[in-house]
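One structure is given here, and the rest of the page talks about it.
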Number of protein chains: 2
Amino acid sequence: MAEKPDALWRSGVGEFIKTQRELANLSLRQLAEIAKISNPYLSQVERGLYKPSADVLKSIAGALKISAETMYAQAGLLDEIAPPPGGAEGPGVEQAVRLDSRLSVEQKETLIRVYRGFVERA
Amino acid sequence: MAEKPDALWRSGVGEFIKTQRELANLSLRQLAEIAKISNPYLSQVERGLYKPSADVLKSIAGALKISAETMYAQAGLLDEIAPPPGGAEGPGVEQAVRLDSRLSVEQKETLIRVYRGFVERA
DNA sequence: AGCATCTGCTTGGTACACTTAGCACATGAG
DNA sequence: CTCATGTGCTAAGTGTACCAAGCAGATGCT
């Protein structure tokens, strides 16, 4: 007998998954199939009704081509890395661009210019 | 994930936990109390009867003063993301973009589209 | 001899992670 | 309009992660 968990324990990871899924232009069923979980369950996870296990998180992360560590961090399962108080977060877009050996120098400059245009205008 | 009914398959984590526990000179009950789980459950986990959730793993890792990442690695939950077929990179531009909370969804899509336009030109 | 108090293990039960089947509403093709 | 197929969501059930209570063998103390 499955009782509904009455606590909408807002974990934030559901929101994160949904955002990433939409960014990848995947439907709920598509992602569910790739991640090998049922689509209703994924729906409930995205809406914060259930807190998925690490196995599922890893599987979803793989399907979204996100590192498992990032996923666990979003799920609050990893020892938290304090976000830099001043601004940028995560790996850092500019640094990632500079480290990408497949980009030419001009391409890097273009990307960084566009990125800064987006960011430096609050 | 409703998984296999019965199996002695997952011996890795349990053994690891037991080793670390004995290395720290902790009894089963002591570790269980610090990790805030029941001692019978810890016993079963160590013997590979149950596969603990990430929450429990993190808690045990904390009690043993081991990093959660090490724990997850031992549990086989921290698999590396498959490297891109063309050539692997460092941090990953796309992931960095996705994780930047200062960007809107449209901005992320734009940046990723431009980035892919640069890169996917084999 | 007791009885304490360790040790780890078994039993019985509850909560929840997760599934299969199916609903209700869109959109598009014939 | 009707049918098909897409979207996400609900309902009902199964399996298991996990806990409280208690068992059985050591060791030690009086």
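The values are calculated or read from the model by the stated rules, or taken from the named source; none is laboratory data. If you're wondering where the values come from, they're calculated on a predicted model, not measured in any experiment. Methodologically, a virtual Cβ is constructed for each residue, glycine included, from the backbone with ideal geometry; neighbour enumeration extends over all protein chains shown. Heads up: the accessible areas ignore ligands, DNA and RNA and are worked out on the full protein's heavy atoms, side chains in. Shrake-Rupley method; radii C 1.70, N 1.55, O 1.52, S 1.80 Å.
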- Task: Check off (1) modelled with pLDDT under 80; (2) within 16 Å of DNA strand C (Cβ to nearest atom) for A:Q95 and give me the number that stays unchecked.
- Result: (2)
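Can you confirm whether the stretch B:74-83 contains a residue that is small (G, A, S) and either at pLDDT below 85 or more than 16 Å from DNA strand D (Cβ to nearest atom) (or both)?
Within the stretch B:74-83, the subset small (G, A, S) is B:75-76, B:82.
Checking the rest, the ones that are also either at pLDDT below 85 or more than 16 Å from DNA strand D (Cβ to nearest atom) (or both) come to B:82.
Yes - at least one qualifying residue is present in the stretch B:74-83.
If you go through the stretch A:107-116 one residue at a time, how many are farther than 12 Å from B:R102 by Cβ and either modelled with pLDDT under 75 or open to solvent by less than 40 Å² (accessible area, probe 1.4 Å) (or both)? Steps first, please.
The initial filter retains those residues of the stretch A:107-116 that are farther than 12 Å from B:R102 by Cβ, namely A:107-114.
Okay, now just the ones that are also either modelled with pLDDT under 75 or open to solvent by less than 40 Å² (accessible area, probe 1.4 Å) (or both), so A:107, A:111-112.
Matching residues across the stretch A:107-116 total 3.
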- Message: Return the residues of the stretch A:20-42 that are surrounded by fewer than 21 Cβ atoms within 10 Å (Cβ to Cβ) and facing chain B (nearest Cβ under 8 Å); say none if nothing qualifies.
- Response: A:E22, A:L23, A:I37
- Message: One residue is enough: does the stretch B:47-63 have a residue meeting the conditions more than 12 Å from DNA strand D (Cβ to nearest atom), open to solvent by less than 50 Å² (accessible area, probe 1.4 Å) and modelled with pLDDT under 80?
- Response: no
- Flagged pairs (Cβ under 7 angstrom, 6 or more apart or on separate chains; first in the stretch B:45-70, basic (K, R); second surrounded by fewer than 19 Cβ atoms within 10 Å (Cβ to Cβ)) are B:K51/B:R10
- Taking the stretch B:43-58 and keeping residues more than 8 Å from DNA strand C (Cβ to nearest atom) and more than 10 Å from chain A (Cβ to nearest Cβ) leaves B:V45, B:G48, B:Y50
